[in-house]
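Remarks on the structure that follows.
The values are calculated or read from the model by the stated rules, or taken from the named source; none is laboratory data. Note that the coordinates shown come from a computational prediction; the quantities given were computed from them, not determined experimentally. A quick note on method: Cβ atoms are made from the backbone with ideal geometry, for glycine too, and the neighbour counts reach across all protein chains shown. Each accessible area value is taken on the protein alone, full model and side chains, heavy atoms only, with ligands, DNA and RNA left out. Shrake-Rupley method; radii C 1.70, N 1.55, O 1.52, S 1.80 Å.
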Amino acid sequence: MPASASAATTAGNAVRWPRLDSIAYGGDYTPEQWPEEIWAEDVRLMREAGVNLVTVGVFSWALLEPSEGTFDFGWLDRVIGLLHDGGIQVDLATPTAAPPAWFLRAYPQARPVTAEGHVLGGASRQSYCPSSPAYARASARIAEQLATRYGQHPALTLWHVHNEYGCHVPACYCDQSARAFRDWLRERYGSLGDLNAAWGTAFWGQRYGTWDEIDVPRRAPTTVNPALRLDFMRFSSDAFLDCFTRERDILHRLSSGIPVTTNFMASSCKNIDYWRWAREVDVVSNDHYLVAEQAANHIDLAMAADLTRSLAAGAPWLLMEHSTGAVNWQRRNIAKRPGEMRRNSLAHLARGADGILFYQWRASRSGAEKFHSAMLPHGGTASRIWREVVQLGRDLSALGELRASWVAAGAALVWDWESYWAVELEGHPAEFSYKERISAFYRQLWRGGVTCDFVHPEGDLSGYRVVLVPSLYLTTPRAAANLGEYVASGGTLVVSYFSGIVDASDTVHPGSYPGPLGSLLGVTVEEFLPLRAGEQVRLRSAGVVGPGLADASADASADASADNWADAWAEMVHLAGAETILSYADGPAAGAPAVTRHSFGSGQAWYISTRLAEDLLGRVLSAACADAGLAVRADGGVEVVLRRGDDHTFITVINHQDRTAELPVTGVDLLTGTRYGTRLEVPAGEVRVLRQDSGS
Ligand code: GAL
């Protein structure tokens, strides 16, 4: 059984799914922006669209508590009552992502401060310092009020704490944060001696003689100690997490049995370590927005969904927000084309979401997001978007059988926020984008039709045929041992360059690179040889692996169709047990191995020392998958994902191409009832969801 199917537990409790008898469908509902006469129409239209869950109250702190300690719940009582009468469940938010103007005025020291020392203002949102005692008191008080009043309300099915922790303000650099950071460091290191050693403070004479000398990493004349910066990122993620758990514990205490979530931004938020957070929520939920102008942005969507499912340890999760059409915050806000929102929604569903929600129900007329799309556009129901929303509601209600089935993944990609933070710090051989590397590997898996989970480097790898490790710069000894055990017991591992370099304190591992991964990979790296902008090096096959690689030639005329080149980075690699698969034909590492493979125990460990051209990376990964007996199909632009239930397997096929696709897939179409006996035809841009008996 793949690791993704293991039962998720959070904070020691079994996952508690919101009380819903079908796939959740709905969005953020902001009745406070509308006159009450509209609310009844909202509920009527929600029913027409098949909406069964709405998120209420996200930014309404100033309305619920108009002045400190004075509360007005009348309007919320009426809204929740109306929703309940209409059979619509409520995901009730604590409004703590938008402290009211009175709060910022009364507690100016609770405003967030940037690394440059700028105090951020209000009239916006997310304006608070996560380490502020005043914010802690005020947010706990409003959460307690809401939990007391609505904790047993029959419409309440889920608590939504805050909104996108860490959004807009990734960290606060005020004096209160500095104090809290010092407390956090005392807890982590125990003694100043250990801290000085971990941070390497002998360098540039940065030694600390008392705890009070330690500051947050404010803007300084030049590079700030990287180990301090790394710890400050850990601290900041934890400071927000403390804000979440404070409210969660209040909700658990006063509203027992109702699950608590907070919406993640799994693949787009660098500054929150969601592996740590996922353990603390009852239900994992995620927000995902396409980068509208990016080509093939549906692959990025699939990656976000796979990462979210992995955070949920394979359990069902909620897509808390996405958009019906354009957003308003990109440089050019390209509208979704007809059918695109449906493909997006069903792709999330295929990858494990048991709920599809949008930002937002009704388009706002005022404020910063008035040009953001909604389920109900400014123009109302006489619109394509509304028709698509109603259609999606029907589709989701016909797909209820998929609930609680689990996604089958044969491969895993290692993703680690700590290494992400560390690899992007300054002072490295070249600037680095962690997400660019992860995405490059993910794209090749997606194109090869390989569904993957994401795993923490110290997580359970035993269920996967292939594990990919793009640039794990920060590699703990435990992670290295974990990867080694995986390969020794028969796994196939692919590690790429600039991995195994530093420990958890950003200190270079002793000895040659790649430190604790050297014996596993069977190579040493003598020198990093980053390439000039635009420079390419050619690669040549050693002829031991085929097809696709055995014929890789550095001579473009020998095989004009193949992109046998790499760019950005090279390394002087020496074999220490591994065999060469590809070598550098030219460039600063000419003649040295570029891609290697090492037999280790019963498995194989591949090493890629450069940034391979996309096509060549695809061929290397296919060869590694072939080693592991994992089937890879040619890129057809057709997404096929399996969810397995107790009795059935559900196959979602999404045709992203502009021509009809034909596949040897059989089963019953859950949306039309059509039975496909031998082949399935999927018109351009269409989606099919088939049910097969498990085992067929
Ligand atoms: C999300 C946020 C929503 C809304 C949305 C717009 O990040 O949670 O409140 O701002 O973006 O796309």
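Going from most exposed to least, what order do Ser583, Ser124, Ser609 have by accessible area with a 1.4 Å probe?
Reading off the accessible areas and sorting them downward yields Ser124, Ser583, Ser609.
Determine the distance separating the Cα centre of the range 659-696 from the Cα centre of the range 449-481; give it in Å without decimals.
Taking the Cα centre of the range 449-481 as reference, the centre of the range 659-696 is 33 Å away.
Output ³J(HN,Hα) for the range 353-368: one whole-Hz value per residue in order, computed from phi by the Karplus curve 6.51 cos²θ - 1.76 cosθ + 1.60 with θ = phi - 60°, and x for Gly and Pro.
6, 10, x, 10, 10, 10, 9, 8, 5, 10, 5, 5, 9, 10, x, 5
Apply the a/c threshold of 1.5 to the C-alpha gyration tensor of the range 595-652 and tell me whether it is rounded, prolate or oblate.
oblate
Counting pairwise Cα distances across the range 345-502, what percent come out greater than 27 angstrom?
In whole percent, the long-distance tail amounts to 47.
Binning at 10 Å from 0, report for the chain what percent of all alpha-carbon pair distances ends up in each bin.
Whole-percent P(r) values from 0 Å outward: 3, 14, 23, 25, 20, 11, 3, 0.
Quick one: Debye curve from the alpha-carbon atoms of the range 522-641 only, equal weights, vacuum; give me log10 I(q)/I(0) at q = 0.16, 0.17, 0.21 Å⁻¹ to two decimals.
The computed values of log10 I(q)/I(0) come out as -0.75, -0.84, -1.19.
Can you list the cysteines of the chain that have no other Cys Cβ under 4.7 Å away?
Unpaired cysteines in the chain: Cys167, Cys174, Cys243, Cys269, Cys452, Cys625.
Need the C-alpha centroid separation for the range 182-209 versus the range 413-432, integer Å.
Going from one Cα centre to the other spans 22 Å.
Relative to the present Cα-Cα distance, how much length would full extension add between Arg675 and Arg78 at 0.36 nm per residue of separation?
Using 0.36 nm per residue and subtracting the Cα-Cα distance, I get 210.2 nm.
Based on the mean of other Cβ atoms within 10 Å per residue, sort peptides 314-324, 377-387 so the most packed one is first.
314-324, 377-387
Roll a 1.4 Å probe over the protein heavy atoms and report the accessible area of Arg141 in Å², nearest 10.
Surface accessible to solvent at Arg141 totals approximately 70 Å².
How many angstrom lie between the Cα centre of the range 96-140 and the Cα centre of the range 279-333?
Taking the Cα centre of the range 279-333 as reference, the centre of the range 96-140 is 28 Å away.
Bin width 10 Å, origin at 0, all Cα-Cα pairs of the range 411-627: what percent of pairs per bin?
The distribution over the range 411-627 is 9, 38, 40, 13, 1, given as percents.
Which whole-number percent gives the relative contact order of the chain, counting Cα pairs below 8 Å spaced six or more residues apart?
After rounding, I find 11 percent.
Glu280 to Asp21: extension gain in nm, 0.36 nm per residue of separation minus the Cα-Cα distance?
Stretched fully, the Glu280-Asp21 segment lengthens by 90.8 nm.
Quick one, could you list the DSSP H helices from the chain stretching 27 Å or more along their long axis (Cα atoms) with average Kyte-Doolittle hydropathy of -0.5 or above?
Length and hydropathy pass: 226-254.
For the range 330-420, just the Cα set please: Rg and Dmax, both in angstrom.
16.6, 49
With r defined as the distance between the Cβ atoms of Gln206 and Lys270 and R0 fixed at 22 Å, what FRET efficiency is calculated, to the nearest 0.05?
Efficiency computed from Cβ-Cβ geometry: 0.30.
Suppose we take every Cα in the range 411-538 and form the convex hull; what volume per residue is that in Å³?
Cα convex hull per residue, to the nearest whole number: 122 Å³.
Using a 1.4 Å probe, how large is the accessible area of Glu388, given in Å² and rounded to the nearest 10?
In the full protein context, Glu388 sits at about 40 Å².
With Rg and the Kirkwood Rh both taken from Cα atoms, where does Rg over Rh land for the range 638-693?
0.95
Please list, by residue number, every one of the trypsin sites (Lys or Arg not before Pro) in the range 451-554 that is coil in DSSP and has at most 16 other beta-carbon atoms within 10 Å.
Passing sites in the range 451-554 are Arg532.
State log₁₀ I(q)/I(0) for the range 572-696 at q = 0.18, 0.20 Å⁻¹ as given by the Debye formula over alpha-carbon point scatterers of equal weight, solvent excluded.
Evaluating at q = 0.18, 0.20 Å⁻¹ gives log10 I(q)/I(0) of -0.94, -1.06.
Reachable aspartates and glutamates from Lys270, Cα under 12 Å, same-chain residues fewer than 8 places away excluded?
Cross-link targets: Asp416, Glu418, Glu424.
Test of understanding: express the Cα radius of gyration of the range 100-252 as a ratio to 2.2 N^0.38 Å, with N the residue count.
1.20
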